[in-house]
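Written out below as structure tokens is the structure these notes cover.
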Amino acid sequence: VRSRGLGDVYKRQVITDTITVTRFLTTMSRKYYGDHRFWVYIYEENAPKLRHPDKIRPGTVVVIPPAEKYGIDVNDPESVKKASSKIGEIYSRFDK
């Protein structure tokens, strides 16, 4: 048995993407996770530097979290349902 090093704990390279006038969280989500509704997890991962999800400035670089971190599974209806529910939660923060 060998000891686990830091490299074993976080093997995944950090993936980032950039918001543009034609590239949004939804298009990133479709690319990385297979469904536009999983944008909520990209948003959550980057929430400290983002405000309203519809008003993210072009040029903003966001981290794309690994699907496993949030239990993202495009083939699992419950995973998709959970993401859809989270959409309402996020928008409710701005309905004040």
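Give me the percent of accessible area attributable to carbon and sulfur for the chain, probe 1.4 angstrom.
The value for the chain is 53 percent carbon and sulfur by accessible area.
Based on Cα positions only, what radius of gyration and what Dmax would you give for the range 48-96, in angstroms?
According to the Cα coordinates of the range 48-96, Rg and Dmax are 12.9, 35 Å.
Just the Kirkwood number for the chain, please: inverse of mean 1/r across all distinct Cα pairs, in Å, one decimal.
14.4 Å is the Kirkwood radius here.
Out of the range 11-95, which trypsin sites (Lys or Arg not before Pro) are coil in DSSP terms and have no more than 12 other C-beta atoms within 10 Å? Each step should come with its number before you reach the end.
Values: sites: Lys11, Arg12, Arg23, Arg30, Lys31, Arg37, Lys49, Arg51, Lys55, Lys69, Lys81, Lys82, Lys86, Arg93; in loops: Lys11, Arg12, Arg23, Arg51, Lys55, Arg93.
Those satisfying the criteria are Lys11, Arg12, Arg51, Lys55, Arg93.
Considering only protein heavy atoms, what per residue accessible area in square angstrom results for the chain with a 1.4 angstrom probe?
68
Would you compute, from DSSP H runs of 4+ residues alone, the mean residue ellipticity of the chain at 222 nm, taking -39500 (n - 2.57) per run and dividing by the full residue count, rounded to the nearest 500?
Computed mean residue ellipticity for the chain: -11500 deg cm²/dmol.
Using alpha-carbon pairs under 8 Å, 6+ residues apart, how would you state the relative contact order of the chain in percent?
Once divided by the residue count of the chain, the mean separation gives 31 percent.
What's the local net charge at Gly59, with K and R +1, D and E -1, over the other residues with C-beta under 15 Å away?
Values: positive: Arg23, Lys49, Arg51, Lys55, Arg57; negative: Asp17.
Cβ neighbours under 15 Å give a net charge of +4.
Between Gly71, Gly59, Gly34, find the one with the highest GNM mean-square fluctuation for the chain; connect C-alpha pairs within less than 10 Å.
Most flexible of the set in this elastic network: Gly59.
The values are calculated or read from the model by the stated rules, or taken from the named source; none is laboratory data. Owing to the predicted nature of the structure, the values given are computational and were not obtained by experimental measurement. Quick reminder, even Gly has a Cβ in these numbers, built from the backbone with ideal geometry, and neighbours come from all protein chains shown. Surface areas here come from the heavy atoms of the whole protein model, side chains and all, with no ligands, DNA or RNA. Shrake-Rupley method; radii C 1.70, N 1.55, O 1.52, S 1.80 Å.
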